[in-house]
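What follows is calculated from the coordinates using simple rules that are stated; it is not laboratory data. It should be emphasised that the depicted structure is a prediction, and the values quoted were computed from it without experimental measurement. Quick reminder, even Gly has a Cβ in these numbers, built from the backbone with ideal geometry, and neighbours come from all protein chains shown.
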Amino acid sequence: MLVEINPRNIDKRLIQQAVEVLKKGGIIIFPTDTVYSMGCDLYNKKALNNLAKMKGLKLNKTNFSIICADMSDLASYVQQLDRPTFKLLKHALPGPFTFILNATNEVPKLFDSGKKEIGIRIPNNEIVLEIVRHLGNPLVTTSLHNDADTILDYYADPYTIYEHFDESVDLIIDGGYGNLDASTVIDCTSGAPVIVRQGIGKLDI
């Protein structure tokens with residue numbers, strides 16, 4: 001199913017429709033401030049396993065990130081941030097960045113793994129942020145493409161995404177043409193931040 005949401009005039013009924021799909025264990029494709037992504041409810045284990053299966057992995061082998069609505073959501077999932085890291089996140093977010101942070105004990109339980117780190121995103125995209133706010137907890141997110149693949153044009157065009165993924169997911173949100181550049185990934189787990197993947201986000205660290 002494809003639904004169109006105008007990012008400048010968001011229809012809350014369509015947001016609620018997406019939330020209901022997520023609560024029932026569905027997988028959705030949605031816009032961000034970088035590439036279109038797919039994801040599910042962090043607290044639905046069946047959905048997490050299905051998302052992992054779509055990537056050809058077992059859940060405990062995944063490196064999924066989570067999308068939070070704002071900085072106040074972080075406390076349940078990441079260990080207390082030191083002042084420089086907090087200031088860096090406050091400056092960069094919302095924005096096209098993924099921050100890898102030390103995880104709390106809650107995270108391994110969610111992913112059936114020994115995960116000690118978690119990727120955090122707060123995209124500058126009101127559609128996905130509204131979905132997270134109405135869901136009441138973070139979304140698990142992963143890219144449509146595999147890391148080894150080139151990000152092809154069809155990952156930016158909602159209608160072409162629909163043609164490729166309609167039978168694989170429960171809902172696709174058309175929020176306009178997306179970017180072809182992924183987020184910049186910054187590892188903050190060992191003191192000084194390190195850029196491990198340069199994407200669309202520019203940051204002086």
From Cα coordinates alone, what are the radius of gyration and Dmax values for the range 44-103 in angstrom? 13.8, 38
Considering Cα pairs under 8 angstrom that are at least six residues apart, work out the relative contact order of the chain and quote it in whole percent. 32 percent
Proximal aspartates and glutamates to Lys46, defined as alpha-carbon separation beneath 13 angstrom and excluding residues fewer than eight positions away on the same chain: Asp112
In nm, what is the difference between 0.36 nm times the number of residues separating Lys24 and Ile200 and their Cα-Cα distance? 60.1 nm
Kirkwood Rh and Cα Rg combined as Rg/Rh, the range 1-113: 0.97
Expressed in angstrom, Rg and Dmax over the Cα atoms of the range 158-205 are 16.0, 44
Estimate the FRET efficiency between Ser168 and Asn63 by the formula 1/(1 + (r/R0)^6), using the beta-carbon distance for r and 22 Å for R0, to the nearest 0.05. 0.65
Could you calculate the FRET efficiency of His134 with Ala192 from 1/(1 + (r/R0)^6), where r is the beta carbon distance between them and R0 is 25 Å, rounded to 0.05? 0.10
Which links in Lys24/Lys90; Lys90/Lys115; Lys45/Lys87; Lys61/Lys90; Lys23/Lys87; Lys24/Lys109 stretch past 27 Å when you go from one Cα to the other? Lys24/Lys90; Lys45/Lys87; Lys61/Lys90; Lys23/Lys87
How many times 2.2 N^0.38 Å is the alpha carbon radius of gyration of the chain? 0.95
